[in-house]
């Protein structure tokens, strides 16, 4: 090969693969040394030496100080040198890709969807391929080959013979980066995203605050007529995003995170890390959300275990605790009020906080504290049994209501069918419902047969009483 042509090829590979040119030239020299050692079956690694002129491109090879001609090596060593060069070029390219993308972990990038492999989406990102595991995809989202995909570079791993670039659209940081792109105040750190909780494909809650009193954190994130938040929602395929105002007070933050539900009262128990939220009956389903989603995200956003109760439930728990503890000698009403102020609002809580906490916070003796825990534990078991019975009774009533509603619908359909008139295959005194059961017919089949019979009857009457056409005058 022409030495100048060799340099041009090396320069082209360096630019296309983003690999250092000097590394490629060094690889060629090492490949020639390996080929010569294999040709002469030499063991000493220092016996051979190769030098490639960086200006002229000429290759010179020595063995023990004696220069060898490349033509004397033959075809087999040339093939060996070629294989070694290809292997080293790939290693250099792999190292280059790893170094490039390792510095971009946590960044937002846009790639081209290629294919699905075992549920994982393969995305072409520049000169490399990344994969998005099923766990990092938004549930229900499908990408067609050639579709542009915006995603987060989650991790970069060196897996020996290849570099694995892990991508994500389900990670909470993906939403954070989208806000940085769409909301300049977030990118400039004027608005800070304090906390975030996400269920990919369904709902996300973020808490934001502003360091500038002139900038409204929530309004800036929403944008004029929702323009900014709309772009993010469209990118996420319609995933709902709740933006709440951050507050250092846990009570206010929990209240904000449960919006749009209106909160009546919040009781915090720092010992248990639990917040008991009291809402009216008409706000209960709104606070809990569909399948508990709203309260679950609020708990993850605030870091508290959020428990939603109605005023009667809250009062019942306090009354039961007061009634149970008052029976203990030496425990007065002020100590019980102290427990309620600390967020201990039921016999379950008294059992859970333990003896040491009661002694330290309430000021009772060790014997009294032990007795309080023992009595509360016993009463808690009874309350749990009562709650289980109430739940079973509610489920039974619900099933009965569903069954009665089905019977009412069936009766309404039978009423449309004409009461107890017989059908084909049934006796004269048999009801349509029983006849349908005997014949294996459904209510819809019964309705269809009635309609068909009515149509046939109408057709028969028409044939029995034909209308004669008027004669032409």
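Any residue in region 342-353 that is surrounded by fewer than 18 Cβ atoms within 10 Å (Cβ to Cβ) and part of a helix (DSSP H, G or I)? Show your work before the answer.
Restricting attention to region 342-353, the residues satisfying the condition of being surrounded by fewer than 18 Cβ atoms within 10 Å (Cβ to Cβ) are none.
No, region 342-353 contains no residue that is surrounded by fewer than 18 Cβ atoms within 10 Å (Cβ to Cβ) and part of a helix (DSSP H, G or I).
If you check residue 28 against the conditions, is it within 30 Å of residue 124 (Cα to Cα), buried (at least 16 other Cβ atoms within 10 Å of the Cβ) and within 56 Å of the chain's Cα centre (by Cα)? It would help to see each step written out before you state the result.
Numbers: within 30 Å of residue 124 (Cα to Cα): yes; buried (at least 16 other Cβ atoms within 10 Å of the Cβ): yes; within 56 Å of the chain's Cα centre (by Cα): yes.
Considered against the rule, which asks whether it is within 30 Å of residue 124 (Cα to Cα), buried (at least 16 other Cβ atoms within 10 Å of the Cβ) and within 56 Å of the chain's Cα centre (by Cα), residue 28 comes out as yes.
Kindly indicate which of 10, 19 is under 21 Å from residue 96 (Cβ atoms), free of Cβ contacts under 8 Å to residues at least 40 places away in the same chain and in contact with a helix residue (DSSP H, G or I) (Cβ under 6 Å, 6 or more places away or on another chain). Spell out the reasoning first.
Numbers: 19 fails: free of Cβ contacts under 8 Å to residues at least 40 places away in the same chain.
Sole residue among the options that is under 21 Å from residue 96 (Cβ atoms), free of Cβ contacts under 8 Å to residues at least 40 places away in the same chain and in contact with a helix residue (DSSP H, G or I) (Cβ under 6 Å, 6 or more places away or on another chain): 10.
For residue 43, state whether it is free of Cβ contacts under 8 Å to residues at least 60 places away in the same chain, more than 52 Å from the chain's Cα centre (by Cα) and farther than 16 Å from residue 61 by Cβ.
It is true that residue 43 is free of Cβ contacts under 8 Å to residues at least 60 places away in the same chain, more than 52 Å from the chain's Cα centre (by Cα) and farther than 16 Å from residue 61 by Cβ.
Just give me the residues in region 124-148 being exposed (fewer than 15 other Cβ atoms within 10 Å of the Cβ) and in contact with a helix residue (DSSP H, G or I) (Cβ under 9 Å, 6 or more places away or on another chain), in sequence order.
Those that are exposed (fewer than 15 other Cβ atoms within 10 Å of the Cβ) and in contact with a helix residue (DSSP H, G or I) (Cβ under 9 Å, 6 or more places away or on another chain): 126, 127.
Can you confirm whether residue 217 is surrounded by 17 or more Cβ atoms within 10 Å (Cβ to Cβ), touching a residue at least 40 places away in the same chain (Cβ under 8 Å) and farther than 30 Å from residue 337 by Cα? Show your work before the answer.
On the way: surrounded by 17 or more Cβ atoms within 10 Å (Cβ to Cβ): yes; touching a residue at least 40 places away in the same chain (Cβ under 8 Å): no; farther than 30 Å from residue 337 by Cα: yes.
So residue 217 fails the test.
Which condition breaks for residue 230 when tested against (1) surrounded by 20 or more Cβ atoms within 10 Å (Cβ to Cβ); (2) in a helix (DSSP H, G or I)?
(1)
Tally the residues that are surrounded by 16 or more Cβ atoms within 10 Å (Cβ to Cβ) and on the phi < 0 side of the Ramachandran plot, restricting the search to region 287-309. Steps first, please.
Here is the first cut: in region 287-309, the ones surrounded by 16 or more Cβ atoms within 10 Å (Cβ to Cβ) are 287-289, 294-302, 304, 306-309.
With on the phi < 0 side of the Ramachandran plot added as a condition, the list becomes 287-288, 294-302, 304, 306-309.
Count: 16.
Can you name every residue in region 167-202 that is part of a loop (DSSP other than H, G, I, E, B), surrounded by fewer than 21 Cβ atoms within 10 Å (Cβ to Cβ) and free of Cβ contacts under 8 Å to residues at least 40 places away in the same chain? Before you say what the answer is, go through the steps one by one.
Going residue by residue through region 167-202, those that are part of a loop (DSSP other than H, G, I, E, B) are 169-171, 183, 188-190, 200-202.
From the residues that got through so far, the ones that are surrounded by fewer than 21 Cβ atoms within 10 Å (Cβ to Cβ) too are 171, 188-190, 201-202.
Answer for region 167-202, where residues must be part of a loop (DSSP other than H, G, I, E, B), surrounded by fewer than 21 Cβ atoms within 10 Å (Cβ to Cβ) and free of Cβ contacts under 8 Å to residues at least 40 places away in the same chain: 171, 188, 189, 190.
Could you list all residues from region 260-280 that are touching a strand residue (DSSP E or B) at 6+ places or on another chain (Cβ under 8 Å), more than 12 Å from residue 345 (Cβ to Cβ) and either without any contact (Cβ under 8 Å) to a residue 24 or more places away in the chain or surrounded by 21 or more Cβ atoms within 10 Å (Cβ to Cβ) (or both)?
We begin by selecting, within region 260-280, every residue touching a strand residue (DSSP E or B) at 6+ places or on another chain (Cβ under 8 Å); these are 263-269, 272-279.
With the extra rule that they be more than 12 Å from residue 345 (Cβ to Cβ), the set shrinks to 263-264, 273, 279.
Result: 279, single match.
Identify, please: which residue in region 357-367 is touching a helix residue (DSSP H, G or I) at 6+ places or on another chain (Cβ under 8 Å) and not in a loop (DSSP other than H, G, I, E, B) and is, among those, surrounded by the most Cβ atoms within 10 Å (Cβ to Cβ)?
In the first step, residues of region 357-367 are kept if they are touching a helix residue (DSSP H, G or I) at 6+ places or on another chain (Cβ under 8 Å); the result is 358-359, 361-366.
Checking which are not in a loop (DSSP other than H, G, I, E, B) leaves us with 358-359, 361-362, 366.
On the way: 358: 25, 359: 16, 361: 16, 362: 21, 366: 11.
Among residues in region 357-367 that are touching a helix residue (DSSP H, G or I) at 6+ places or on another chain (Cβ under 8 Å) and not in a loop (DSSP other than H, G, I, E, B), the one surrounded by the most Cβ atoms within 10 Å (Cβ to Cβ) is 358.
Can you pull out every residue in region 238-259 that is surrounded by 15 or more Cβ atoms within 10 Å (Cβ to Cβ), within 21 Å of the chain's Cα centre (by Cα) and assigned to a strand (DSSP E or B)?
Of everything in region 238-259, those that are surrounded by 15 or more Cβ atoms within 10 Å (Cβ to Cβ), within 21 Å of the chain's Cα centre (by Cα) and assigned to a strand (DSSP E or B) turn out to be 241, 242, 243, 244.
FYI, it's all coordinate maths here, none of it is from the lab. Owing to the predicted nature of the structure, the values given are computational and were not obtained by experimental measurement. Backbone-built Cβ (ideal geometry, glycine too); neighbour counts: all protein chains shown.
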